[in-house]
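Below is one structure, written out as structure tokens; the observations come after it.
Just so you know, all these numbers are worked out from the coordinates, no wet-lab data involved. A quick note: this is a predicted structure, and the numbers were derived from the prediction, not measured. Note that we place each Cβ from the backbone using ideal geometry, even for glycine, and neighbour counts take in every protein chain shown.
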Amino acid sequence: MAIGDEEVGAASRRAAARLRKTPVATAVRYDRRAGRIVIDLSSGLEVAFRPRDAQGLGHAKPAELCKIEISPSGLGIHFPLLDADLYLPALLEGLLGSRRWMAAQMGRAGGRVSTKAKVAASRQNGKLGGRPRKSRQLTTA
């Protein structure tokens with residue numbers, strides 16, 4: 001099915017409307033002293049975040065973060081030395097990675113939280129001899 005001129009025109013109008021409503025990146029840099037990526041927006045605001053908080057940048061070295069490009073639309077940030085990209089609207093919504101990656105980050109943070117219930121359960125398990133050992137079952141063909 002071919003895309004008609006009408007559909008292309010409608011898509012272009014939607015994209016232009018989004019660009020009018022969404023701030024775009026005007027400058028981007030890695031601040032070594034603060035250890036943050038800093039994005040200047042067309043709205044006059046500045047957004048900064050730690051590289052480890054964004055998918056694909058977690059293990060990046062400062063030298064790899066110094067080269068950053070802004071997409072022609074201003075909606076994308078590209079790190080050529082890492083082959084990593086960030087989508088500015090998602091960044092502004094607080095999503096620094098895919099849903100799966102974000103869920104893993106949330107689970108990791110939640111697992112570190114210590115609550116009275118976790119402490120009590122751990123003590124109770126200890127009284128019972130701790131976590132049961134995994135049994136090794138032989139498989140036969």
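Structure above, values below:
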quantity	calculated
Positions within the stretch 61-87 being touching a helix residue (DSSP H, G or I) at 6+ places or on another chain (Cβ under 8 Å) and surrounded by fewer than 19 Cβ atoms within 10 Å (Cβ to Cβ), in sequence order	S73, G74, G76, L81, L82
Residue count for the stretch 18-43, restricted to those that are in a loop (DSSP other than H, G, I, E, B) and closer than 14 Å to G74 by Cα	5
Verdict on R50 being touching a Lys or Arg at 6+ places or on another chain (Cβ under 7 Å) and over 14 Å from S73 (Cα atoms)	yes
